[in-house]
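Take a look at the structure set out below.
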Amino acid sequence: MSERAAYDELVKKTRDIQLLVSTAGVLGWDERVNMPRSGSQLRADQLGLLAGMIHEQFTSPRIGELLSKIEQSDMVKDPESVEAVNVRELRYQYDKQTKLPKSLVEEITKVTTLSQSDWMTARKNNDFKLFEPWLDKIFGLMRQKADAFGYTGEPYNALLDEYEPGATTDQISQVFETLRNELVVLLKKIANAPKKTDKSIVEREYNVELQRVFGESVAGALGFDFSAGRLDVTTHPFCSGFGPGDTRVTTRYNPKRLNDALFGIMHEVGHGLYEMGINKEKYFGTPMGDAASLGIHESQSRMWENQVGRSKEFWSYFFPQAQRMFKESLGGVTLDQFYGAVNDVRPSYIRVEADEATYNLHILLRYEMERALLNGDIKPKDVPAEWNSRFKKYFGIEVDSDSNGCLQDVHWGAGLVGYFPTYTLGNLYSAQLFATAKKEIHDLMSRFERGEFLTLRNWLKDKIHQHGQRYRANALCQKVTGKPLSHEPLVAYMNEKYAGIYGF
Ligand code: CO
């Protein structure tokens, strides 16, 4: 068999597997958007069957044989060629998947299914004691998982690597810590600032149907192609790129809060534009047809949501339209007041409701805690006390209950340890990439004032989307911005913006 024939067979196999993955994606989308409650057992059986098929096909020894054959050939000599990228990333995935013993995968699935149900009860009743034994079990399983994968440095690296390939605690901790210290200072400045923002402006009556019309017109202006995508309603918004020509985003509407759907749509559309910008017609089913990492994915959503969607220039174009649409609530409001309201900063308990400035502090606290739990530096029983004392230090307020503290997120109970950092990585990459875009497109912000967003969309497509997994996240960052990941662009962006709004 020639090496070319081996490569073709490999691609044929991974495309077929990706068809199964995208089929599961459609079923998962339907589960969250349309499915009647009583369909959940059938759906779990369908998705379970597909997951088993996908795992079996991807870990078959034939995939390993084909990879070995191609790895010896000239096809992978140029590390940036399509073939070399696909083989490098498939090898990486294959080794990971085959290293995990089936018994451990099953144990993790079983334990996290049960623990999530107790977590829900524990959060509802503010009952940490109910959840504590699960934390112990799950972090034990996570240590086993890290051992199975293998790692350099600390076990956390093995888990982080699953969500952000190539990232290590050495690489990110310094950046995170500096960011945390800067944010604590920024929050103090905002708290003591002479000017205040009026959040109540965006907490008036906002007709849901009009919110949908407005949201769709914003999505279209940003470049979301409704002939190749849809916007639907769910409780927990998400984006799912099924494959070529079909990208789904969802949102939720609150008749008394404009921000939820509006910024939620821009966020998910940012993910959607990434999915649409990857050349899936050509590369579907291979790593070249997939996003670089969760952190890079999140950088795209946060850029459209924050750097673009919360900018003064964006609103100088869209605010008059919003005012016409929501006359009752926005008729007497000025652009500056509205801009202040959508950028309101105040410390709060709940991560998913946090503003742009405090959000990363929520993440950094979780990152520190889960690392310490995995290393055994803190014990599950100490989680509430540890959480609350860090919270006080970073946010300046006392946590009033574990439900509003260490019990609020599903991640640990679901076995998603190592996932949290990708949110902050997304914010950091977003600021760093956007600063470069502004440098390279000198009139970028004034384009926003004219409602022209496609220049940025095309820049992102060219610099990031079209490359799929050609570059790992930190290499991509270096290539596009000329520098490794840094706290500086995000800190500079926030200080400049909030100094303007709060007058410090
Ligand atoms: Co996101």
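For the range 163-190, give me each residue that is of a type in the set (Asp, Glu) and closer than 22 Å to ASP290 by Cβ.
To start, the set of residues in the range 163-190 that are of a type in the set (Asp, Glu) comprises 164, 170, 177, 182.
Result: GLU164, single match.
Considering MET288, MET303, which residue is touching a helix residue (DSSP H, G or I) at 6+ places or on another chain (Cβ under 6 Å), part of a helix (DSSP H, G or I), within 16 Å of the ligand (Cβ to nearest atom) and open to solvent by less than 50 Å² (accessible area, probe 1.4 Å)?
On the way: MET288 fails: within 16 Å of the ligand (Cβ to nearest atom).
One residue alone meets the criteria, MET303.
Candidates in the range 247-258 are the residues that are surrounded by fewer than 18 Cβ atoms within 10 Å (Cβ to Cβ) and away from the ligand (no atom under 15 Å from the Cβ); of these, the one that is nearest to ILE17 (Cα to Cα) is ASN254. Can you tell me which residue in the range 323-346 is most open to solvent (accessible area, probe 1.4 Å), limited to those that are at pLDDT 95 or above and within 28 Å of the chain's Cα centre (by Cα)? Looking at residues that are at pLDDT 95 or above and within 28 Å of the chain's Cα centre (by Cα), I get TYR339. Residue count for the range 437-456 under the criterion of being open to solvent by 10 Å² or more (accessible area, probe 1.4 Å) and in contact with a Lys or Arg (Cβ under 8 Å, 6 or more places away or on another chain): the result is 3. Cβ-Cβ contacts under 8 Å between residues 6 or more apart (or on different chains), taken from a first residue in the range 449-464 that is without any contact (Cβ under 8 Å) to a residue 24 or more places away in the chain and farther than 17 Å from CYS477 by Cα to a second residue that is among the basic types (Lys, Arg) and part of a helix (DSSP H, G or I), are listed as THR455/ARG447.
Which residues, taken from the range 201-215, are in a helix (DSSP H, G or I) and touching a residue at least 24 places away in the same chain (Cβ under 8 Å)? The answer is ILE201, VAL202, GLU203, VAL208, LEU210, GLN211, ARG212, VAL213, PHE214, GLY215.
So, in the range 221-246, exactly how many residues are among the hydroxyl-bearing types (Ser, Thr, Tyr), in contact with a helix residue (DSSP H, G or I) (Cβ under 6 Å, 6 or more places away or on another chain) and open to solvent by 40 Å² or more (accessible area, probe 1.4 Å)? Working first, answer last.
So the first thing to find is which residues in the range 221-246 are among the hydroxyl-bearing types (Ser, Thr, Tyr), and the list is 227, 234-235, 240.
Narrowing further to those that are in contact with a helix residue (DSSP H, G or I) (Cβ under 6 Å, 6 or more places away or on another chain): 234, 240.
Subsequent filtering for residues that are open to solvent by 40 Å² or more (accessible area, probe 1.4 Å) retains none.
Total meeting the criteria: 0.
Within the set LEU50, LEU67, LEU42, the sole residue that is assigned to a helix (DSSP H, G or I) and either surrounded by fewer than 17 Cβ atoms within 10 Å (Cβ to Cβ) or in contact with a Pro (Cβ under 6 Å, 6 or more places away or on another chain) (or both) turns out to be LEU42.
The values are calculated or read from the model by the stated rules, or taken from the named source; none is laboratory data. Predicted model only: the values in this text are computed from it and were never measured. Neighbour counts run over all protein chains shown; Cβ positions are idealised from the backbone, glycine included. SASA here: full protein model, heavy atoms, side chains in, ligands and nucleic acids out. Shrake-Rupley method; radii C 1.70, N 1.55, O 1.52, S 1.80 Å.
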